[in-house]
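Below you'll find the structure, written out as structure tokens, and then a few comments.
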């Protein structure tokens, strides 16, 4: 008989990632607790609402919160999480890390949409930490650093790392060009923008910041949510062909 207890990832139970702060954990807990509370789910087994017959999900949610809301218990759990390697455990951990990275990236896109690049940098750095194999995380991390004009060498290296993994991506070339642009290296930036335009002749970032193509408008790093709207929108909808208007026959003049 297998008496080995199944390892439970409490972060996954509450739908947060391991770097979530106490407020994020509490917010997620209350949301889930309300959804799974016995009084809400209305279990048909004669539940009196006293919690004695609470659903397994509700019990697990409370168990996760009791661990993650306690600093000492959470630290002990984090250590167990780190030691969870080998066999299926390593695979599970890798999948959990990828989910955490994707969650951080989605939040970073929202932050960039609202020009909160300071927040985006933190989130994208976490995404890279949890999944170094995704070139998109590296490129947009470097780009966000470029917007803030901070750690530009690190920004450049992150963008280059993305291109090493996916050289044909026009966005990644444009992001590298933007970092060089922010560093004042115009000719080097133009080389990256030109490379981006080879893969996508209508790339809006490359066209906007290339020194020989930009217009007289203000080309600073503000208001970039409009330029990078492709991050937040789905595929373009095809326009339906308009039906040709029916031609009216000319009316004949009335006979006298």
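Among (1) within 25 Å of residue 113 (Cα to Cα); (2) surrounded by 10 or more Cβ atoms within 10 Å (Cβ to Cβ); (3) modelled with pLDDT of 55 or more, which single condition is residue 229 missing?
Among (1) within 25 Å of residue 113 (Cα to Cα); (2) surrounded by 10 or more Cβ atoms within 10 Å (Cβ to Cβ); (3) modelled with pLDDT of 55 or more, residue 229 violates only (3).
Working only within region 56-68, note down all residues that are in contact with a helix residue (DSSP H, G or I) (Cβ under 8 Å, 6 or more places away or on another chain) and either farther than 17 Å from residue 22 by Cβ or surrounded by fewer than 14 Cβ atoms within 10 Å (Cβ to Cβ) (or both).
Across region 56-68, the qualifying residues are 57, 58, 60, 63, 66.
Within the bounds of region 64-83, is there any residue that is at pLDDT 90 or above and assigned by TED's automatic domain parsing to the domain that holds residue 179?
no
For region 94-196, list the helices (runs of 4 or more DSSP H) that sit wholly inside it and hold at least 2 residues that are surrounded by fewer than 19 Cβ atoms within 10 Å (Cβ to Cβ) and either assigned by TED's automatic domain parsing to the domain that holds residue 21 or over 15 Å from the mean Cα position of the chain (by Cα) (or both); which are they? Before the answer, list the steps.
Working: elements: 117-130, 135-148, 152-165, 170-182.
Those helices (runs of 4 or more DSSP H) span 152-165.
The values are calculated or read from the model by the stated rules, or taken from the named source; none is laboratory data. Please read all numbers here as calculations on a predicted model, not as lab measurements. Glycine gets a Cβ as well: all are built from the backbone with ideal geometry, and neighbour counts include every protein chain shown.
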